[in-house]
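Notes follow once the structure below has been shown.
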Amino acid sequence: MTTYLVTGAAGFIGSALVRHLVARGGAGSRLDTAADTSGDDGAFDRASDRSDEAVRVVSVDAFTYAADPERLRSAGGEPAHRLVRLDVNDVAGVSALLDEERPAVVFHLAAETHVDRSIDGPGAFLQANTVGTFNLLEAVRRYWQGLPAAERAAFRLVNVSTDEVYGSLGPTGVFDESSPYAPRSPYSASKAAADHFAGAYFHTFGLPVMTTHAANNYGPFQFPEKLVPLAINRALAGESVPMYGDGAQVRDWLHVDDHARGLVAVAERGAPGATYLMGGGHELPNRALLERLLGHLNDLAPGRGDYRRLIRSVADRPGHDRRYAVDSSRAEAELGWRRRVPFDDGLRDTVRWYVENQAWVRSVTERYDLGRLGLGVAAGGARRP
């Protein structure tokens with residue numbers, strides 16, 4: 001049995017990875033599908049992703065505001081899946097869990113990710129993303145150094161980062177593995193620092209860590225503070241759909257299930273110390289994305305007029321990056337990774353999922369204020385000059 005440990009497993013991307021890993025185990029996994037009433041958890045073809053090996057996934061999460069165990073319900077329970085409440089900053093706890101479970105691969109996704117929130121409270125991002133990654137690296141290094149030679153040689157750590165560490169592109173060009181870091185928000189700065197620690201642990205200690213950077217993800221179970229679910233849910237409620245500034249900021253969009261497959265490919269075929277980028281191959285200005293998204297909503301939840309009329313320009317985010325795009329050619333050439341979810345199909349399926357799963361949206365937002373963040377109001381209440 002191959003054991004995988006996933007940090008940040010109850011988050012949007014982490015949970016998609018867990019569902020994918022458990023599904024790959026085929027008959028060796030116990031999926032609680034009969035109890036899953038939350039809708040389809042992805043558009044990928046599970047049959048083609050099955051592995052002959054038995055798989056065990058250990059899901060680790062501190063359960064901060066954006067985490068939700070409902071995302072992991074279809075992963076089932078023992079022996080295929082175990083869920084542990086644990087903060088990666090708890091080095092002793094993480095070390096004990098590593099010694100107990102003896103994973104062959106650790107996927108590190110635990111992070112604070114909302115850029116607007118990082119503007120208002122950057123300290124939490126420094127602690128969760130930078131210090132948290134450092135503490136995880138320390139625990140993993142000690143575990144890895146104590147493994148027998150064969151297990152030590154086979155072990156891998158995948159550090160999941162973001163394309164935002166590279167800063168902002170002009171109207172042309174793409175980020176690749178040689179692009180210099182130029183973070184422009186507290187969020188991206190905290191992730192950039194974490195990446196540098198990961199690289200240092202490879203070069204200094206030989207820890208077999210690989211770092212990934214992906215384009216903007218979309219898909220089911222994304223927390224409703226992010227652009228795609230926020231737009232869908234506000235439109236369904238008949239509320240205005242906010243668009244930052246002129247809406248000309250360009251983003252590349254990758255389905256979360258394609259990202260999950262890419263992370264597994266990195267763990268299985270990536271070179272220790274290497275960096276891999278995964279893009280969606282589909283750039284859109286934010287205004288065009290919102291119009292396409294709400295156009296699908298017109299078809300899937302008709303009877304309330306044209307939802308696109310609800311788009312409203314609001315004050316832009318301070319330091320808002322203008323454009324991101326990544327070159328996926330290294331991941332494609334070295335790992336054999338390919339996107340499988342066509343953008344329009346994936347976007348429409350995502351809209352349908354939110355229309356059909358409004359009960360889940362209510363369950364995760366009833367304890368959270370979705371009011372505007374990121375206008376320069378500090379955690380202590382002082383407004384940015």
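The values are calculated or read from the model by the stated rules, or taken from the named source; none is laboratory data. Since we're looking at a predicted model, the values are computed, not measured. Positions of Cβ are generated from backbone atoms using ideal geometry, with glycine treated the same way; all protein chains shown enter the neighbour counts.
Numerical summary
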item	result
Residue among Leu284, Leu263 that alone is assigned to a helix (DSSP H, G or I), in contact (Cβ under 8 Å) with a residue 12 or more places away in the chain and closer than 30 Å to Val158 by Cβ	Leu263
For Arg141: the one exception among (1) at pLDDT 95 or above; (2) under 22 Å from Lys226 (Cβ atoms); (3) not small (Gly, Ala, Ser)	(2)
Positions within segment 300-342 being among the small types (Gly, Ala, Ser), under 17 Å from Asp163 (Cβ atoms) and in a loop (DSSP other than H, G, I, E, B), in sequence order	Gly319, Ala325, Ser328
Scope segment 165-174; condition in contact (Cβ under 8 Å) with a residue 12 or more places away in the chain and either more than 24 Å from Gly262 (Cβ to Cβ) or surrounded by fewer than 22 Cβ atoms within 10 Å (Cβ to Cβ) (or both); matching residues	Gly167, Ser168, Leu169, Gly170, Pro171, Gly173, Val174
Every residue from segment 196-229 that is more than 18 Å from Ala16 (Cα to Cα), of a type in the set (A, V, I, L, M, F, W, C) and in contact (Cβ under 8 Å) with a residue 24 or more places away in the chain	Phe197, Ala198, Phe202, Phe205, Leu207, Val209, Met210, Leu227
Sole exception among (1) more than 30 Å from Arg367 (Cα to Cα); (2) surrounded by fewer than 19 Cβ atoms within 10 Å (Cβ to Cβ); (3) at pLDDT 95 or above for Pro69, by number	(1)
Among residues of segment 220-256, those that are in contact with a Gly (Cβ under 7 Å, 6 or more places away or on another chain) and more than 19 Å from Glu291 (Cβ to Cβ), counted	4
Residue list for segment 199-236, filter: crowded, with 24+ Cβ neighbours inside 10 Å and of a type in the set (Gly, Ala, Ser)	Ala214, Ala215, Gly219, Ala231, Ala235
Filter result (modelled with pLDDT of 55 or more, small (Gly, Ala, Ser), out of contact with any Leu (no Cβ under 8 Å at 6 or more places or on another chain) and under 29 Å from Glu112 (Cα atoms)) within segment 1-50	Ala16
Some residue of segment 269-280 being closer than 28 Å to Glu356 by Cβ and loosely packed, with under 14 Cβ neighbours inside 10 Å	no
Residues of segment 110-136 that turn out to be crowded, with 24+ Cβ neighbours inside 10 Å and of a type in the set (A, V, I, L, M, F, W, C), as a count	4
Selection from segment 307-365 of residues that are of a type in the set (Phe, Trp, Tyr) and within 20 Å of the chain's Cα centre (by Cα)	Tyr324, Trp337, Phe343, Trp353, Tyr354, Trp360
